[in-house]
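Asks: One structure, pasted below without further comment.
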Amino acid sequence: MTTTDASLAPRARPAAGTRTIAWDRVVLSAVAALAVLMVCYPVLFVVLRSISKDDIGSSLSAEWLLAVFNSARSHEALINTAIYTAGSSLLAMVLGVGLSFLATRTDMPGSRFVGMLALLPMLVPPFILVVGWVAIADPSAGYLNIMASAVTGSRTVLANVNTMAGIIWVTGLFLTPYVYLLVAAGFSNSDAAVEEAARVSGAGRLRLLRTVILPLQRPALLAALLLVVIMSAGDFIIPSTIGLKARIYLLPSLIWQNSSSFPPRPGLAAAQSLLLVAVGLLCIFFQRRALSRGARFTILGGKGSSITRFPLGRLRYPLAVLALVFAFCSSLFPLLAVGSMAFMKYWAPHALKAENFTLGNFRYVLFEYPQVWPSVQHSLVLALLGATVCVALAVALAWYVLRLRGRFAALVDYAMVLPLGMPGIALGVGILSLWILVPGGIYGTLWILLLAFVTAHIPVAMQFVGSALHRIHTDLEDASRIGGQAWLGTVRRIDLPLMRPALIGCWLLMYVVILREISLVILLYNPSTVVLSVGLMDVWSSGFYPELAVYSLLLMVLGLVPVALLWKFARFTPA
């Protein structure tokens, strides 16, 4: 006679005729409905404003939409935006996929260090990278051109950041870490058994990469492409700081000009914002169509053995040197240029003299500037809570869309991409118009900032989590349910362990993005809820570049702390 552990026995089925409540469907449907309302209201506000003659609620009119389609300036901005988006997205994909493959799937030495360097551009606001590259490649005062002129003995412009190519270069470097995080999580979570079967069948390295490894990463690759296309199309900081100086106008720049001009033209700005929303919808449509045959990209089981790294042979050290040099030039070099400003009494390319160095900027920002420590406290609270809420909601929404496949799954999937296609200022206006009407005093508190951050960044989190969940075969979950596990137990025991690299990377990304968010929060804060990024922007607008550099270094330190902690205690590394 044998005994069976009761914990391993399947749960008894309910008696015939009784009705059970599918709590997973009830709870997740409620979460999905709340999320759809949360992200759709700002978009609805923009749509209504674009078809209203004056304020929302006034007579309907196509005046603003016709103005966009009949404007030569809008046509020029649309063409420039297409070129800029295509170029920066292509650059980010090539760099991000290449670095992630070298760091996670090859025996290249120094891969972990390369992975850390690849994430550095995420840890500072994008306009700080702009300042760094202007300091390096400004045609008249950039360090690189000054050194080239000194060598040639005449004025030499070796690099010019104030061009379309310069904007694409800076934006591509800024977006590379997003691609790296998404794709590296997929590479590190590959199924070793599938690759080993291909090797036994006689597949060589290149064929294995082309027919097995890359096809299995298609969800992560498409998610990364979707993300960088929408982020670059809706980016405001880099095109406005470099592009306007070079008289290169993009759609986000025109939207900002129409919103801040006197008199303001919010209807025209809203109509132009619809073009960016359309880009987001088209991207999610093509991504869903490409992933429609989802079983081709799933993992059949857990990682029974560790993945095999590709031997690089004689190219091992040359590629390591090349990756380190590139990572240094693209990440550390502009940050070092910014860091050098923190120790200057005043900043100018010709001011690199011993008598101009000082520590007074640190003393002023850290101990005399009244807003710095309250803003640090607010930023940390919002970043920690916001990142956690975004990841938790993303898991729930991804399960609803990919597993329950309810009648509104497609609607939820499309709705979650809408905030990505809206400039932060336009999204902030929509969020403000909703929560300022809600009773209970939420406006003017940290809660409205938290809700705004979750609304704006839940689409990015869902791309991370959805691409990871898409690769897990449902047979594993079915086996768990047959063994008696409820849906929460299945998620906890099966899905979360397999998605661990993607979840940690997603949380880290949400933390850093919320920590440095500027364009969204600028409309929603007040003096009692100021955050670090707002204080940084105040210093930026005042023109005090050395103090601005100190603020940037402080923001970088706060961004590096969770990376170091996760690296040490959670055994997480970007490589």
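Asks: Quick one: putting +1 on the C-beta of Lys and Arg, -1 on the C-beta of Asp and Glu, what dipole do you get for the stretch 452-544 around its Cα centre, in Debye to the nearest 20?
Replies: Result for the stretch 452-544 is approximately 180 debye, rounded to the nearest 20.
Asks: Work out the FRET efficiency for residue 492 and residue 44 from their Cβ-Cβ distance, taking R0 = 30 Å, and round it to the nearest 0.05.
Replies: That gives a FRET efficiency of 0.25.
Asks: At 7 Å along Cα-to-Cβ for each site, give me the label-to-label distance between residue 197 and residue 408 in nm.
Replies: In this crude spin-label approximation the distance works out to 3.9 nm.
Asks: Grab the beta carbon distance between residue 209 and residue 290, set R0 = 22 Å, and tell me the FRET efficiency rounded to 0.05.
Replies: Once rounded, the FRET efficiency stands at 0.65.
Asks: Here's something else I'd like to know. Taking the Cα centroid of the stretch 527-553 and of the stretch 132-174, what is the distance between the two, rounded to the nearest whole Å?
Replies: Value for the Cα centre distance between the two parts: 25 Å.
Asks: Expressed in nm to one decimal, what extension gain is obtained for the pair residue 557 and residue 53 from 0.36 nm per residue of sequence separation less their Cα-Cα distance?
Replies: 176.7 nm
Asks: Quote to one decimal, in nm, the extra length available between residue 445 and residue 246 on full extension: 0.36 nm per residue of separation minus the C-alpha distance between them.
Replies: 67.7 nm
Asks: What is the list of residues in the stretch 68-99 whose amide nitrogen lies under 20 Å from a point 7 angstrom out from the Cα of residue 315, following Cα to Cβ?
Replies: Flagged as within label range: 91-99.
Asks: Where does the charge balance sit around residue 108 when Lys and Arg score +1, Asp and Glu -1, over other residues with C-beta under 13 Å from its C-beta?
Replies: +4
Asks: Additional query: Separation of the stretch 219-273 and the stretch 58-95 by C-alpha centroid, Å?
Replies: The two parts, judged by their Cα centres, are 8 Å apart.
Asks: Which far-off residues, 5 or more places away or on another chain, put their amide H under 5 Å from the one on residue 310, with H placed in the peptide plane?
Replies: 106, 107
Asks: Please rank 63, 547, 355, fewest neighbouring Cβ atoms within 10 Å first, as an exposure proxy.
Replies: 355, 63, 547
Asks: If we count other beta carbons within 10 Å of each Cβ, what is the order of 495, 24, fewest first?
Replies: Fewest-to-most ranking of 495, 24: 24, 495.
Asks: Then there is this: What is the dipole size for the stretch 328-420, taken about its Cα centre, with +1 at each Lys and Arg Cβ and -1 at each Asp and Glu Cβ, in debye to the nearest 20?
Replies: It works out to roughly 260 debye.
None of the figures in this text is laboratory data; all of them are computed from the coordinates on show. Just so you know, these numbers come straight off a predicted model, no measurement behind them. All Cβ positions, glycine included, derive from the backbone under ideal geometry; neighbour counts span all protein chains shown.
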